[in-house]
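Novice: What follows is a single structure, and I will ask about it in a moment.
The values are calculated or read from the model by the stated rules, or taken from the named source; none is laboratory data. Source: prediction; values computed, not measured. Every residue, glycine among them, receives a Cβ derived from its backbone with ideal geometry; neighbour counts consider all protein chains shown. Side chains included, ligands, DNA and RNA excluded: accessible areas come from the protein's heavy atoms. Shrake-Rupley method; radii C 1.70, N 1.55, O 1.52, S 1.80 Å.
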Amino acid sequence: MYVGTGKVAALHVGSDLISRAYLGDEIVYPPGSYPLGSLSTLAWWRADDASSLTLVGGKVSQWRDQIAGHAMAQGTDARRPVYSATSFAASPGVQFSSAGQTYLSMSTSPWPIEGDEGAVLIVCDQLSPASATVPKTLFSYGNTAFTQRKVQRLVVAGVNRAAADIGNTFSTYPIYEGTQNFSGIHAVTAFFGDVNTTVAIEDKFAGVNTLALRTEAGRTRIGADALAAPTEYCDCIIRDVVIVDTTTMKPGEFDRFVDWAIGRRTPA
């Protein structure tokens with residue numbers, strides 16, 4: 001935000017400091033890159049905001065989101081992912097390792113549950129080779145093995161694929177995008193909805209999974225699944241994780257989110 005040629009560093013009403021200002025339903029202060037300006041954004045963990053990260057010896061002990069301060073944490077030093085100011089295309093990233101079983105977690109999942117609609121956008125550098133055939137979960141929330149929502153790397157016919165996995169209390173049902181190799185830097189968008197779940201890598205969408213979706217409240221994780229005892233650890237460098245409420249979006253806003261995520265692959 002600018003007044004004349006000067007940038008506004010702080011906004012006050014009288015002696016009160018204003019933390020957020022709206023014009024209609026768009027956030028206009030503080031000045032920040034989309035998607036902070038959308039009321040549809042529920043959470044945004046971004047590696048290029050150093051103030052959101054608590055580091056201990058270069059490892060991430062806590063990562064707070066930009067919207068409500070939801071903190072993903074790891075209390076065990078050996079299980080903490082590694083932060084680097086240059087690991088994601090010479091820009092900041094948080095690196096997760098299956099060998100180290102690193103992950104970040106919060107004990108709640110205040111996101112769309114049961115069959116409610118929502119989407120997760122991840123900008124990452126996917127490092128796991130196709131020779132490592134076990135599923136790798138980049139982000140998850142939910143409770144039991146059959147009541148989670150997960151964004152994953154799966155190996156299908158010897159190729160890495162981006163996938164969205166859902167549970168309906170009886171089993172799990174992954175759907176994957178089958179034309180793009182999910183290796184290296186990509187933007188992945190998983191749209192979760194009752195009888196209409198899909199996933200995209202960049203702007204290439206899979207078909208639609210028409211099975212019922214039932215997600216239980218539980219845990220939220222980056223780097224592993226949401227079981228009480230985590231598994232499916234990933235190998236990737238994450239720049240962004242964004243959760244959005246697609247039911248509150250204006251027409252065309254979902255496309256805007258996807259375009260934004262694609263743009264985040266290349267740091268400015």
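Novice: Please work out which residue is farthest from the chain's Cα centre (by Cα), limiting yourself to segment 164-182 and to residues that are in contact (Cβ under 8 Å) with a residue 40 or more places away in the chain and open to solvent by less than 50 Å² (accessible area, probe 1.4 Å). Break it down into steps so the answer makes sense when it comes.
Specialist: Initial filter on segment 164-182 (in contact (Cβ under 8 Å) with a residue 40 or more places away in the chain): 164, 166-169, 182.
After this cut, where a residue has to be open to solvent by less than 50 Å² (accessible area, probe 1.4 Å) as well, the list is 164, 166-168, 182.
Values: 164: 12, 166: 16, 167: 19, 168: 22, 182: 16 Å.
My answer is 168.
Novice: What pairs come out if I take residues in segment 40-64 that are under 19 Å from residue 111 (Cα atoms) and pair them with residues that are part of a loop (DSSP other than H, G, I, E, B) and open to solvent by 60 Å² or more (accessible area, probe 1.4 Å) whose C-beta lies under 8 Å away, six or more apart or interchain?
Specialist: Note: pairs meeting the criteria are 42/68; 42/110; 43/68.
Novice: Would you say residue 189 is out of contact with any Lys or Arg (no Cβ under 7 Å at 6 or more places or on another chain), closer than 24 Å to residue 117 by Cβ, polar (S, T, N, Q) and at pLDDT 95 or above?
Specialist: On the way: out of contact with any Lys or Arg (no Cβ under 7 Å at 6 or more places or on another chain): yes; closer than 24 Å to residue 117 by Cβ: yes; polar (S, T, N, Q): yes; at pLDDT 95 or above: yes.
Considered against the rule, which asks whether it is out of contact with any Lys or Arg (no Cβ under 7 Å at 6 or more places or on another chain), closer than 24 Å to residue 117 by Cβ, polar (S, T, N, Q) and at pLDDT 95 or above, residue 189 comes out as yes.
Novice: Counting only residues that are assigned to a loop (DSSP other than H, G, I, E, B) and under 18 Å from residue 120 (Cα atoms), which one in segment 41-89 is most open to solvent (accessible area, probe 1.4 Å)? Show your work before the answer.
Specialist: From segment 41-89, those assigned to a loop (DSSP other than H, G, I, E, B) are 47-49, 57-58, 65-70, 74-76, 80-81, 89; that's our starting set.
With under 18 Å from residue 120 (Cα atoms) added as a condition, the list becomes 47, 65-70.
Values: 47: 0, 65: 9, 66: 46, 67: 41, 68: 70, 69: 40, 70: 48 Å².
Checked segment 41-89; the qualifying residue most open to solvent (accessible area, probe 1.4 Å) is 68.
Novice: May I ask you to say which residue of 134, 151, 159, 195 is surrounded by fewer than 17 Cβ atoms within 10 Å (Cβ to Cβ), under 21 Å from residue 231 (Cα atoms) and not polar (S, T, N, Q)? So that I can check it myself, show each step before the final result.
Specialist: On the way: 151 fails: surrounded by fewer than 17 Cβ atoms within 10 Å (Cβ to Cβ); 159 fails: under 21 Å from residue 231 (Cα atoms); 195 fails: under 21 Å from residue 231 (Cα atoms).
Answer to the selection: 134.
Novice: Are any residues in segment 220-254 aromatic (Phe, Trp, Tyr) and surrounded by fewer than 21 Cβ atoms within 10 Å (Cβ to Cβ), and if so, which ones? Can you show your working first?
Specialist: First, the residues of segment 220-254 that are aromatic (Phe, Trp, Tyr): 233, 254.
Scanning segment 220-254 gives a single hit, 254.
Novice: So for segment 90-103 (the condition being touching a strand residue (DSSP E or B) at 6+ places or on another chain (Cβ under 7 Å), open to solvent by 50 Å² or more (accessible area, probe 1.4 Å) and outside any strand (DSSP E or B)), does at least one residue qualify?
Specialist: no
Novice: Take segment 199-214 and flag every residue that is assigned to a strand (DSSP E or B) and either crowded, with 19+ Cβ neighbours inside 10 Å or touching a residue at least 60 places away in the same chain (Cβ under 8 Å) (or both). Steps first, answer last, please.
Specialist: Of segment 199-214, the ones assigned to a strand (DSSP E or B) are 199-201, 204-205, 209.
Correct list: 199, 200, 201, 209.
Novice: Separate question: Of the residues that make up segment 107-121, is at least one among the polar types (S, T, N, Q), modelled with pLDDT of 95 or more, open to solvent by less than 20 Å² (accessible area, probe 1.4 Å) and part of a strand (DSSP E or B)?
Specialist: Within segment 107-121, none of the residues are among the polar types (S, T, N, Q), modelled with pLDDT of 95 or more, open to solvent by less than 20 Å² (accessible area, probe 1.4 Å) and part of a strand (DSSP E or B).
Novice: While we're here: Kindly indicate whether any position in segment 17-30 is modelled with pLDDT of 90 or more and open to solvent by 30 Å² or more (accessible area, probe 1.4 Å).
Specialist: We begin by selecting, within segment 17-30, every residue modelled with pLDDT of 90 or more; these are none.
Checking segment 17-30: not a single residue is modelled with pLDDT of 90 or more and open to solvent by 30 Å² or more (accessible area, probe 1.4 Å).
Novice: Based on this model, can you work out whether residue 143 counts as open to solvent by 50 Å² or more (accessible area, probe 1.4 Å) and either at pLDDT 95 or above or farther than 24 Å from residue 106 by Cα (or both)?
Specialist: Values: open to solvent by 50 Å² or more (accessible area, probe 1.4 Å): no; either at pLDDT 95 or above or farther than 24 Å from residue 106 by Cα (or both): yes.
Spelling it out, it is not the case that residue 143 is open to solvent by 50 Å² or more (accessible area, probe 1.4 Å) and either at pLDDT 95 or above or farther than 24 Å from residue 106 by Cα (or both).
Novice: Determine which single condition residue 217 fails, assuming it passes every other condition in (1) of a type in the set (A, V, I, L, M); (2) open to solvent by 10 Å² or more (accessible area, probe 1.4 Å); (3) in contact with a strand residue (DSSP E or B) (Cβ under 7 Å, 6 or more places away or on another chain).
Specialist: (3)
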